[in-house]
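Engineer: My structure is below; once you've seen it, I'll send some questions.
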Amino acid sequence: VQLQASGGGLVQPGDSLRLSCVVSGSTFRLLDMGWFRQAPGRQRGMVASITFGGTVDIKEFVKGRFTISRDNTKNTVYLQMDNLKPEDTAVYYCNALGRRAGPWGPGTQVTVSS
């Protein structure tokens with residue numbers, strides 16, 4: 001599977017961003033997908049996931065602010081991020097979960113700063 005994440009940028013606290021991840025090289029509709037992030041000096045960790053059936057899991061530290069969704073007609077998974085905080089600053093990555101995970105792409109940088 002190949003992954004191309006986009007939509008990051010420099011925003012102020014309280015702003016919103018929507019990240020997109022286009023997936024190729026596999027049958028997208030059968031993939032469980034996740035969004036991950038890695039802040040400087042920290043390990044990459046999962047932020048949210050969505051199964052091929054649409055079941056969503058949002059990690060507690062972003063629950064109520066982030067939403068994950070998918071569009072199987074566009075082979076795309078989204079991460080809507082609202083009320084962004086400086087601690088959300090990180091490189092955001094997407095990937096399939098489990099044995100269908102592919103090589104990590106370059107991700108997309110999100111910087112939240114006033």
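Engineer: Identify, please: which residue in the stretch 64-99 is within 16 Å of PHE36 (Cβ to Cβ) and in a loop (DSSP other than H, G, I, E, B) and is, among those, most open to solvent (accessible area, probe 1.4 Å)?
Structural biologist: LEU97
Engineer: Sticking with this one: Given the structure, is GLY25 modelled with pLDDT under 95 and not hydrophobic (A, V, I, L, M, F, W, C)?
Structural biologist: yes
Engineer: If GLY102 satisfies all but one of (1) within 17 Å of LEU30 (Cβ to Cβ); (2) modelled with pLDDT of 95 or more; (3) surrounded by 15 or more Cβ atoms within 10 Å (Cβ to Cβ), what's the number of the condition it fails?
Structural biologist: Just one mismatch for GLY102, condition (2).
Engineer: Sticking with this structure for a sec: Given (1) open to solvent by less than 30 Å² (accessible area, probe 1.4 Å); (2) hydroxyl-bearing (Ser, Thr, Tyr); (3) closer than 13 Å to VAL112 by Cβ, identify the lone condition not met by SER16.
Structural biologist: Every condition holds for SER16 apart from (1).
Engineer: Scan the stretch 38-53 for residues that are open to solvent by 40 Å² or more (accessible area, probe 1.4 Å) and either touching a residue at least 24 places away in the same chain (Cβ under 8 Å) or assigned to a loop (DSSP other than H, G, I, E, B) (or both) and jot them down.
Structural biologist: Step one: of the stretch 38-53, the residues open to solvent by 40 Å² or more (accessible area, probe 1.4 Å) are 38, 40-44, 46, 51-53.
Within the stretch 38-53, GLN38, PRO40, GLY41, ARG42, GLN43, ARG44, THR51, PHE52, GLY53 qualify.
Engineer: Among (1) out of contact with any helix residue (DSSP H, G or I) (no Cβ under 6 Å at 6 or more places or on another chain); (2) within 14 Å of VAL22 (Cβ to Cβ); (3) open to solvent by 50 Å² or more (accessible area, probe 1.4 Å), which single condition is GLN109 missing?
Structural biologist: (2) is the only condition that GLN109 fails.
Engineer: Right, here's the next one. When the stretch 19-37 is examined, which residues are found to be open to solvent by 60 Å² or more (accessible area, probe 1.4 Å) and under 20 Å from SER113 (Cα atoms)? Show your work before the answer.
Structural biologist: Keep residues of the stretch 19-37 that are open to solvent by 60 Å² or more (accessible area, probe 1.4 Å), which gives 22, 25, 27, 29-30.
Across the stretch 19-37, there are no qualifying residues.
The values are calculated or read from the model by the stated rules, or taken from the named source; none is laboratory data. Everything numeric in this text was worked out from a predicted model, so none of it was measured. Please note: Cβ atoms are built from the backbone with ideal geometry, for glycine as well, and neighbour counts cover all protein chains shown. For accessibility, only protein heavy atoms count, side chains too; no ligands or nucleic acids. Shrake-Rupley method; radii C 1.70, N 1.55, O 1.52, S 1.80 Å.
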